[in-house]
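*Asks:* Below you'll find the structure I mean.
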Amino acid sequence: MISAGRHKAKAIEAALGRTNGGAPQVAVGFQIVDGPHAGELITWYGYFSELTQEATIKALRTCGWKSDSLANLVGVDENEVSLVVEHEKDEKGELRAKVRWVNSVGGIAMKNRMSQNEADAFAAQMMGLVLSQKQGAAPAGGMRPAGPGTARPGAPARPPAYAPAGATGTDDEIPF
């Protein structure tokens, strides 16, 4: 059984069908392309309910689907993807591997991703700490991380490298 976690894979076939209840679905057969499960096959089932249809179409596009007609799944085998595999019990109570998500390789899912402006502001806020760890300088407030590169006991702490001339290293002088 394919282990739970992320696995790089590539679609090898896809088809439309119906669930046992008659609802439309798409099945995409994937082959794992690296790691201990390389060469193994697993199928993802996408559904078209009101709650799932957008995610299903997005997953097909992530695989490389080019057409705008679901009757033509051309290209679905073009892109390498990252499958999120989970284990769950089937109708008979037997544990099986199931594809939960189809993501872009290297893509991450984050519910509350920062905008570029938010990321820039946060990066500016953290710059003192980042540079102090890189250069071995004391972060604002005079505290110094323990470990290699720390000053000898009693040595004065340097202000962070980004501090304006004449800064004393107090928090109210950090340029944000």
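*Asks:* Is there a residue in the range 9-27 that is in contact with a strand residue (DSSP E or B) (Cβ under 7 Å, 6 or more places away or on another chain) and of a type in the set (Lys, Arg)?
*Replies:* Among the residues of the range 9-27, at least one is in contact with a strand residue (DSSP E or B) (Cβ under 7 Å, 6 or more places away or on another chain) and of a type in the set (Lys, Arg), which makes the answer yes.
*Asks:* Quick one: is ALA11 over 17 Å from GLU88 (Cβ atoms) and in contact with a helix residue (DSSP H, G or I) (Cβ under 6 Å, 6 or more places away or on another chain)?
*Replies:* In short, yes.
*Asks:* Now for a different question. Of all residues in the range 67-89, which are exposed (fewer than 15 other Cβ atoms within 10 Å of the Cβ), in contact (Cβ under 8 Å) with a residue 12 or more places away in the chain, not in a strand (DSSP E or B) and not aliphatic (A, V, I, L, M)?
*Replies:* Selection gives GLU78 alone.
*Asks:* Looking at (1) assigned to a strand (DSSP E or B); (2) among the hydrophobic types (A, V, I, L, M, F, W, C); (3) more than 14 Å from the chain's Cα centre (by Cα), which one does TRP101 not meet, given that it meets all the others?
*Replies:* Here TRP101 meets the rest and fails (3).
*Asks:* Just to verify a result, which residue in the range 18-59, among those that are assigned to a loop (DSSP other than H, G, I, E, B) and of a type in the set (S, T, N, Q), is nearest to VAL99 (Cα to Cα)?
*Replies:* My answer is THR52.
*Asks:* Another question, then. Would you check which residues across the range 90-134 are without any contact (Cβ under 8 Å) to a residue 40 or more places away in the chain and in contact with a strand residue (DSSP E or B) (Cβ under 6 Å, 6 or more places away or on another chain) and list them?
*Replies:* ASP90, LYS98, ARG100
*Asks:* Would the range 2-16 turn up any residue that is without any contact (Cβ under 8 Å) to a residue 40 or more places away in the chain and in a strand (DSSP E or B)?
*Replies:* No.
Only the coordinates and a few stated rules stand behind these numbers; no lab work does. Predicted, not measured: the structure shown is a model, and the values here were computed from it. Here Cβ is always computed from backbone atoms with ideal geometry, including for glycine, and neighbour counts include all displayed protein chains.
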